[in-house]
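The values are calculated or read from the model by the stated rules, or taken from the named source; none is laboratory data. Please read all numbers here as calculations on a predicted model, not as lab measurements. Positions of Cβ are generated from backbone atoms using ideal geometry, with glycine treated the same way; all protein chains shown enter the neighbour counts.
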Amino acid sequence: MTKIIAFALAGLASLATPVFAAPGPPTKLVVIDKVAIMQGSKVGQDVARQVQAIANQAKNDLTAQGQALQAEGRALQQQVAILAPDAKAKRLSAFQAKERALQSAAQKKDEQIKAGFYQARQAMEQALGPILQEVIKEKGANIVVDKQAVVFATANSFDITAEVINRLNQKMPTYKVNLNAPPAPAQPRQ
């Protein structure tokens with residue numbers, strides 16, 4: 001019986017012995033800062049400038065329409081007291097339809113701006129892929145980490161962000177934001 005226990009323990013010990021795998025290539029890590037790339041590149045700044053200009057124009061247009069609608073609403077409030085009930089109902093209904101149309105137009109414009117920005121970002125990331133592959137190959141790296149995931153580092157020599165930005169600037173200095181872009185996919189609710 002003790003021989004069986006000893007044999008079982010020896011079998012368990014052999015399972016716990018580490019098996020050494022054949023050594024692979026050494027790990028070489030590089031870091032990129034995707035936020036800095038998107039904000040610091042010429043194309044990122046171009047897209048941000050276009051989106052801001054489009055948003056400002058939409059805000060100005062919608063504000064002007066909203067002010068006109070408010071003036072119409074104040075005039076309507078003064079008139080409803082003297083209108084017949086059926087005329088009053090028609091005027092109020094027409095005014096509410098205008099309010100809904102303005103809200104709908106504002107929502108549609110917002111969705112267009114978001115979709116245009118999303119499409120621009122996708123185009124930037126598509127252009128970034130081959131650039132990253134080139135730099136990674138040149139550096140002999142086999143792991144890329146986003147700087148946001150780095151908790152602590154003692155050197156910045158592995159950060160390739162500036163080099164990637166320079167190459168992206170050469171490959172894609174501008175991008176035309178398209179407001180007729182397909183809608184961005186819905187983000188999952190957290």
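Residue under question is ALA97, and the condition is that it be modelled with pLDDT of 90 or more, within 41 Å of the chain's Cα centre (by Cα) and farther than 29 Å from VAL177 by Cβ; does it hold?
Criteria met by ALA97.
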Legend entry - Count of residues meeting criterion [farther than 18 Å from ARG49 by Cα and basic (Lys, Arg)] in segment 99-117: 2
Inset, instruction - Pull up segment 131-167, narrow it to residues that are within 11 Å of VAL31 (Cβ to Cβ) and of a type in the set (Ser, Thr, Tyr), then point me to the one that is modelled with the lowest pLDDT. - result: SER157
Inset, instruction - Mind telling me which of the residues GLN79, GLN50, GLN57, GLN96 ends up being under 23 Å from MET124 (Cα atoms) and among the polar types (S, T, N, Q)? - result: GLN50
Legend entry - Hits in segment 24-62 (condition: surrounded by fewer than 16 Cβ atoms within 10 Å (Cβ to Cβ) and more than 17 Å from TYR175 (Cβ to Cβ)): GLY24, PRO25, PRO26, THR27, LYS28, LEU29, VAL35, ASN56, GLN57, LYS59, ASN60, ASP61
Inset, instruction - Could you please find all residues in segment 86-107 being of a type in the set (A, V, I, L, M, F, W, C) and within 13 Å of GLY73 (Cα to Cα)? - result: LEU92, ALA94, PHE95, ALA97
